[in-house]
Amino acid sequence: MLPERRSERGTPLLEMRHIDKTFNRGSVSELKLFQDFHFSVAQGCFVCMIGSNGSGKTTLLNLLCGGEEPDSGEILLGGKNITRVPEHLRSRRIGRVFQDPALGTCPQLTILENLSLADHKGKRYGLSRGINRKTIDEYRSKLELLKLGLENQLDLPVASLSGGQRQALALLVCTMTPIDLLILDEHTAALDPSSSKNVMEMTLRFVREKHLTVLMVTHNLRFALAYGDRLVMMHHGRLVLDVCDGEKDALELRDLTARFNEISVEEVDNL
């Protein structure tokens, strides 16, 4: 039998309090997804989130990033209430890498132009040159960290890169300026196994070097077990599993699949 819930230690960076969210209210397809939902992430924690389709993972991320608003409740980041802060302002503090490699960068622009845009995020634009020899050398140094040879292809349009290369670049772009929280939205799901492994290795290196707080949603149960220091499972807008530290390390793949099977059986019994 798996442990159901364990409180995370440390100072909360992110807090979701008393969140309610209903879709299609008043219609025959009304769905009450979150009801008095609570969730927090401690400063410096790497959280892996799993759950079946419709469990609430994507909605949770959209609530955090500002794409959706809760019906009630509040969201705090670093102790500040961001519940009604617009999405574009939240992006200065929350970085998000999407499942689709096309969404994290501007495909019609070059690698150099993408890096320059990311470098100036949240800054005022003046009449000085946005790109000079010094910044180009800095960008080359950052690209060398990816170990993909992109540092010698700065003028290459991003649209011509492979999915793995684009996700690696999106990860770099997302973390070029300081952020409070990095959200990884199934960022390896569209990649082949080799590219997925490479992107995850880069992810772990960036997280460690930049001391990032991370919330990673994934369908890859092996990644959920191998990475991060806390694992949560969602089902119908609830946390049905929440383990960290030694409890997480003790889990095996069969434990997670057994938990998914338990949930499936419970749903059949309730029909």
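Counting protein heavy atoms only, the chain has 49 percent of its accessible area on carbon and sulfur, 1.4 angstrom probe. What's the angle, to the nearest 10 degrees (0 to 90), between helix 253-269's Cα axis and the longest principal axis of the chain? Helix 253-269 sits roughly 50 degrees off the main axis of the chain.
GNM on the chain, alpha-carbon springs under 10 angstrom: the most fluctuating residue among 67, 95, 51 is 67.
Approximating the spin labels as points 7 Å out from Cα along Cα→Cβ, the residue 197-to-residue 152 distance works out to 2.5 nm. The relative contact order of segment 1-103 comes to 28 percent, based on Cα pairs under 8 Å that sit 6 or more residues apart. Annotation: aspartates and glutamates with alpha-carbon distance below 18 angstrom to residue 21 (same-chain offsets under eight excluded): 30, 36, 68, 69, 71, 74, 87. Once the 1.4 Å probe is applied to the protein heavy atoms, the chain comes out at 51 Å² accessible per residue.
Please report the antiparallel percentage of DSSP beta bridges with both residues in the chain, rounded to the nearest 5. All intermediate terms of the calculation are to be shown ahead of the outcome.
Details: 22 of 40 bridges.
Counting DSSP beta bridges with both partners in the chain, the antiparallel share is about 55 percent.
Which aspartates and glutamates, if any, have their Cα less than 17 Å from the Cα of residue 134, not counting same-chain residues under 8 positions apart? Counting by Cα, and skipping residues close in sequence, residue 134 has these aspartates and glutamates nearby: 113, 119, 144, 151, 155.
Sorting the Cα pairs of segment 193-254 by distance into bins of 5 Å, from 0 upward, gives 4, 14, 25, 25, 19, 10, 2, 0 percent per bin. Placing a pseudo-label 7 Å from each Cα along the Cα-to-Cβ vector at residue 177 and residue 24 gives an inter-label distance of 3.9 nm. On the principal axes of its alpha carbon atoms, segment 135-271 extends 60, 29, 24 Å, with the longest extent given first. Here the convex hull built on the C-alpha positions of the chain has a volume of 152 cubic angstrom per residue. Local charge for residue 93 was computed over the other residues whose Cβ lies under 10 Å away, with Lys and Arg +1 and Asp and Glu -1, and equals +2.
Placing a label point 7 Å from the Cα of residue 71 along the Cα-to-Cβ direction, the residues of segment 12-53 with a backbone N closer than 12 Å are 19-27, 30-37.
With one equal scatterer per alpha carbon and no solvent term, the Debye-computed log10 I(q)/I(0) for segment 15-168 at 0.14 1/Å reads -0.88.
The values are calculated or read from the model by the stated rules, or taken from the named source; none is laboratory data. Remember, it's a predicted structure, so these values are computed and weren't measured experimentally. Cβ coordinates were reconstructed from backbone atoms using ideal geometry, including for glycine residues, and neighbour counts include every protein chain displayed. The protein model used for the area step is the full one, side chains on, heavy atoms only, and it has no ligands, DNA or RNA in it. Shrake-Rupley method; radii C 1.70, N 1.55, O 1.52, S 1.80 Å.
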